[in-house]
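This report refers to the structure that appears directly beneath it.
The values are calculated or read from the model by the stated rules, or taken from the named source; none is laboratory data. None of the values given here were measured: they were computed from a predicted structure. As a convention, Cβ positions derive from the backbone with ideal geometry for all residues, glycine included, and neighbour counts pool all protein chains shown.
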């Protein structure tokens, strides 16, 4: 039941955002009584934390699988960013990045949810950093010794591209981000 509530709300919030989705809508769509919600979550804020934690857990599992594939560090990084382009460039809510959708909104509402996003994005950057380090070791990436800063810059580039895709309603920003990523990896 707990997972069902999270899954239903994730789909709703991916479309509308956190504050636009009320508890009544979540419960109605999930087909569960209010008491069931409060059995699993003390508040909407605690629920938001659980939603984000679940998102990061699933997302990091996918990232780990992508970055474990055979290939150079650069090839693994490009596979990850192509995955990002494919999943974030569609109108389908499944697989959408909740950092992009909810980040700015919930960071101002809840210190606890902001903390979940901060820890989750740090783990993503750690994975990218590990790939950069592999690439530096195999000669396919040249971060000039600043592996973590290089990884964080790549992540920020793609977060910005994701926002511009939403603003412009065009995936052109992903094409530009991929082109820039390829140039930076040389």
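A compact table of results
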item	result
Residue in segment 155-162 that is modelled with pLDDT of 95 or more, exposed (fewer than 14 other Cβ atoms within 10 Å of the Cβ) and within 18 Å of residue 74 (Cα to Cα) present	yes
Options 48, 73: the member that is surrounded by 20 or more Cβ atoms within 10 Å (Cβ to Cβ), more than 12 Å from the chain's Cα centre (by Cα) and over 22 Å from residue 179 (Cβ atoms)	48
Lone unmet requirement of (1) within 18 Å of the chain's Cα centre (by Cα); (2) more than 21 Å from residue 69 (Cα to Cα) for residue 144	(1)
Identity of the residue in segment 98-122, under 15 Å from residue 154 (Cβ atoms) and in contact with a helix residue (DSSP H, G or I) (Cβ under 9 Å, 6 or more places away or on another chain), that ends up modelled with the lowest pLDDT	99
Test for residue 94: is it in contact with a helix residue (DSSP H, G or I) (Cβ under 8 Å, 6 or more places away or on another chain) and at pLDDT below 90	yes
